[in-house]
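Q: Once you've had a glance at the structure underneath, I'll fire off some questions.
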Amino acid sequence: MRKPAESSAPLADVIAERWSPRALDETREVSWDQLRALLEAARWAASFGNTQPARFLAGRRGDATFRQILGTLTERNQAWAHRAGALLVAVAVTRNDKGEIPYAEYGLGLAAQNLVLQAVAEGLVAHQMAGFDADEVRARFAVPAFAVPRVAIAVGHAGDPAVLGVAKLIERERSSRRRLPLGEFAYTGEWGAPAF
């Protein structure tokens, strides 16, 4: 199922086609090569002073890491994310040998976006989630104190919304995507004065 962005200017395909479905096809896999490509894209993200604060825990459906990550998700997210071909947790490293890493979370966000856009390029979809237990991730994966689990990411192949089983969830999956109008998003001259 496609839900391309409706934009006022042409967008790169990977941006226009990116969205966050919950309906995933559990009969299809994310290959090791695809997962490697996603993580390479994340690795090459920009970061402040090349500090590279992003780290990822990654598992494919059926392996122990996948099951451990799935177990840290909220019940609501577990209800659909178990169909993903891969589950990841994005972690921000906040310190290195030189001290505190400036803008570590921003760097992690850039890496996560690269990963998600690479997923689109690979013919996959990705859904980022705040609904997980960061403390449980720390415990299960021995994440050090200077690293902060910030987001879980389900990656897979888009599936039929009917797999969600609840009319409200199916309708939400099928509904059109919406964003603020550009005039409420970008300003010029002063706050609130639309740039376009």
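Q: What is the one condition in (1) in a helix (DSSP H, G or I); (2) within 21 Å of ILE15 (Cα to Cα) that ASP135 does not satisfy?
A: ASP135 satisfies all of (1) in a helix (DSSP H, G or I); (2) within 21 Å of ILE15 (Cα to Cα) except (2).
Q: Do any strands (runs of 3 or more DSSP E) lying entirely in segment 24-130 carry at least 2 residues that are surrounded by fewer than 20 Cβ atoms within 10 Å (Cβ to Cβ), and which ones are they? Before the answer, list the steps.
A: Numbers: elements: 54-60, 86-93, 125-129.
Here the list reads 54-60, 125-129.
Q: Only one of VAL148, VAL155 is of a type in the set (Val, Ile, Thr), assigned to a strand (DSSP E or B), surrounded by 11 or more Cβ atoms within 10 Å (Cβ to Cβ) and without any contact (Cβ under 8 Å) to a residue 60 or more places away in the chain; which?
A: The unique qualifying residue is VAL148.
Q: May I ask you to say which residue of VAL125, VAL143, VAL148 is under 18 Å from the mean Cα position of the chain (by Cα) and farther than 24 Å from PRO21 by Cα?
A: Unique residue meeting the criteria: VAL148.
Q: Please go through segment 1-39 and give me each residue that is in contact with a strand residue (DSSP E or B) (Cβ under 9 Å, 6 or more places away or on another chain), of a type in the set (A, V, I, L, M, F, W, C) and at pLDDT 95 or above, ordered by number.
A: The answer is TRP19, ALA23, LEU24, VAL30, TRP32, LEU35, LEU38, LEU39.
Q: Out of everything in segment 158-193 that is of a type outside the set (Gly, Ala, Ser), in a loop (DSSP other than H, G, I, E, B) and open to solvent by less than 90 Å² (accessible area, probe 1.4 Å), what residue ends up being farthest from ALA23 (Cα to Cα)?
A: THR188
Q: Return the pairs, sorted by first residue and then second, in which the second residue is among the hydroxyl-bearing types (Ser, Thr, Tyr) and not in a loop (DSSP other than H, G, I, E, B), the first residue lies in segment 57-70 and is in contact (Cβ under 8 Å) with a residue 40 or more places away in the chain, the beta carbons are less than 9 Å apart, and the residues are 6+ apart or on different chains.
A: LEU57/THR65
The values are calculated or read from the model by the stated rules, or taken from the named source; none is laboratory data. Everything numeric in this text was worked out from a predicted model, so none of it was measured. A quick note on method: Cβ atoms are made from the backbone with ideal geometry, for glycine too, and the neighbour counts reach across all protein chains shown. Calculation scope for accessible area: heavy atoms of the full protein, side chains included, ligands and nucleic acids excluded. Shrake-Rupley method; radii C 1.70, N 1.55, O 1.52, S 1.80 Å.
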